[in-house]
Amino acid sequence: MACCHADFAALEGSDRGFTVGMPTFTFGPGVLAEAGDNAAALGLRRVALFTDRTLATSEHVAKVKASLASAGIDHVVYDEVVIEPTDRSFHDATRFARESDVDGYVSVGGGSVMDTCKAANLYASQPAEFMTYVNAPIGAGQRVPGPVKPHIACPTTAGTGSETTGIAIFTLTSMNAKTGIISRRLIPTIALVDPDVTRTLPANVVASTGFDCMSHALESITARLYPRRLNPAQGIGRPVSQGANPFSDALATQALTSVGQFLVRAVNDAADTEARTEMMYAAMLAGVAFNAAGCHLPHGLSYAVSGLVKDWQVKGYPEGKTLVPHGMAVVLNNPSVWRHTAFAHPERHLRCARALGGSTNGATHADAGEVLAGRVVELMRAAGMPNGLTALGFDEAHLDALATGAEPQYRVIKNAPIDVGRDEIRSLFRAALRYW
Ligand SMILES: NC(=O)c1ccc[n+]([C@@H]2O[C@H](COP(=O)([O-])OP(=O)(O)OC[C@H]3O[C@@H](n4cnc5c(N)ncnc54)[C@H](O)[C@@H]3O)[C@@H](O)[C@H]2O)c1
Ligand SMILES: [Fe+2]
């Protein structure tokens, strides 16, 4: 791409290639009813159907079960998935997968369900001590040595894009912070992306997952450029996420255009089918984009926020459970990051602001961070997000603990367009305490 895009000019010794992985996907209203035929076409006879307690009795799971039955596919249901899963809940799911004697998997749910299904499939197919495949330096970060079983992913939220990614995220209980497993082998075989599922989504889930999608797209475009990535592996050893590249740029820009136009509408009106459908499509595009490009600071910082929050509950999420929805933790760390990173690639930050519907008329490179941060804050306020980390109970006294939680997230933090150390991470959290 050096010939047509100055950003991606190769450096001496840099990788001249980038690899994009994705499942075969089908998008459209009603496509959940194609689950059975897809399973049959994969040669499956008995599958484990992963979902969560709330969705287990939903019309969406019923539709998938009926489709499997009419295609003659036997199934066993696992509905013990924990929302915002942990290493313990991944263990429980793996035990189920090992004992259930299935030849494939179907997941029907949000990121929590799809990620749990990926992990259970992985450890049942390629048994290993749990930390073996977990991202280094928290885990050993070893390559998955062989194939896992076919997985048909059916997302029911419009945000994570997990149906397209080789990533499974969980909270490591001993560390009180999130981390993950990443391998091309975890990319689902087939994704059935049916926007009909979004009709039943509570407004808070639409908002949080929509901001997750937005951040995937923003982080893809503003990530370190792929010819400048730090992990030098090339060829077959090339990492799943390689930094910003022309393919991710295109998909992520399109996703941002939809987020700018439809996110607030989708939050405010469950009957706005156009807005909810466009958000479902945007989430899938952003998933393909960030799987190849990688996330960076907003996600790295969010993992500490999720791990350390106390007494925070959100309507629409499991009752009585303390959790910060993933997308909320991510967006709370957005404006502070953009103000800090914009100088590295002002054009890219301005392009993001424009795609999101922000006004960039007359904006200079020096304004890029403020312009993008300002547009994100506008969307946060319109969609009812909390006003910074203070709203979740964090203050100056927590900055050290937050920095300690975020520091080991090397995989994502080193994908930022600039180098940051502990002091900068602390300052970023301080700048995220309050926005308006
Ligand atoms: N693997 C990846 O690439 C990736 C990317 C981003 C985030 N994640 C992870 O995904 C998880 C978050 O997933 P999520 O944001 O999709 O939400 P979720 O799966 O945690 O679900 C949130 C809530 O929405 C409910 N719900 C889901 N679909 C519904 C529907 N159609 N109707 C009514 N209720 C519904 C669930 O029952 C739950 O209570 C986090 O653990 C996050 O770290 C993974
Ligand atoms: Fe995310």
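The values are calculated or read from the model by the stated rules, or taken from the named source; none is laboratory data. It should be emphasised that the depicted structure is a prediction, and the values quoted were computed from it without experimental measurement. FYI the Cβ positions are ideal-geometry reconstructions off the backbone, even for glycines, and counts take in every protein chain you see. Heads up: the accessible areas ignore ligands, DNA and RNA and are worked out on the full protein's heavy atoms, side chains in. Shrake-Rupley method; radii C 1.70, N 1.55, O 1.52, S 1.80 Å.
Looking across region 161-199, the residues that are more than 15 Å from ligand 2 (Cβ to nearest atom) and assigned to a loop (DSSP other than H, G, I, E, B) come down to 173, 174, 175, 176, 183, 187, 188, 189, 194. Yes or no: residue 32 among the hydrophobic types (A, V, I, L, M, F, W, C) and touching a Cys at 6+ places or on another chain (Cβ under 8 Å)? So residue 32 passes the test.
Here region 356-370 is the region considered, the condition is being surrounded by fewer than 24 Cβ atoms within 10 Å (Cβ to Cβ) and assigned to a helix (DSSP H, G or I), and the residue that is nearest to ligand 1 (Cβ to nearest atom) is 369.
Considering 374, 327, 307, the condition of being open to solvent by 10 Å² or more (accessible area, probe 1.4 Å), within 19 Å of residue 207 (Cα to Cα) and in a helix (DSSP H, G or I) is satisfied by 374 alone.
With 158, 153 as the choices, which residue is under 30 Å from residue 40 (Cβ atoms), in a loop (DSSP other than H, G, I, E, B) and not charged (D, E, K, R)?
Details: 153 fails: in a loop (DSSP other than H, G, I, E, B).
Going through 158, 153 in turn, the sole match is 158.
The set of residues in region 146-168 being surrounded by fewer than 24 Cβ atoms within 10 Å (Cβ to Cβ) and within 18 Å of the chain's Cα centre (by Cα) consists of 166 alone. Are any of the residues in region 283-290 more than 19 Å from residue 412 (Cβ to Cβ), more than 11 Å from ligand 1 (Cβ to nearest atom) and in a helix (DSSP H, G or I)? Within region 283-290, one or more residues are more than 19 Å from residue 412 (Cβ to Cβ), more than 11 Å from ligand 1 (Cβ to nearest atom) and in a helix (DSSP H, G or I).
For region 203-213, state whether one or more residues are touching a residue at least 40 places away in the same chain (Cβ under 8 Å) and more than 15 Å from the chain's Cα centre (by Cα). Yes, region 203-213 contains a residue that is touching a residue at least 40 places away in the same chain (Cβ under 8 Å) and more than 15 Å from the chain's Cα centre (by Cα). Taking the criterion of being more than 18 Å from the chain's Cα centre (by Cα) and more than 12 Å from ligand 1 (Cβ to nearest atom), the residues of region 291-318 that qualify are 308, 309, 310, 311, 312.
Of all residues in region 113-139, exactly one satisfies the criterion of being within 16 Å of ligand 2 (Cβ to nearest atom) and surrounded by fewer than 23 Cβ atoms within 10 Å (Cβ to Cβ), namely 135.
Restricting attention to region 214-247, the residues that are in contact with a helix residue (DSSP H, G or I) (Cβ under 8 Å, 6 or more places away or on another chain) and either free of Cβ contacts under 8 Å to residues at least 60 places away in the same chain or in a loop (DSSP other than H, G, I, E, B) (or both) add up to 6. Under the condition of being of a type in the set (D, E, K, R) and away from ligand 2 (no atom under 16 Å from the Cβ), which residue from region 204-234 is most open to solvent (accessible area, probe 1.4 Å)? Applying the filter and picking the extreme gives 228.
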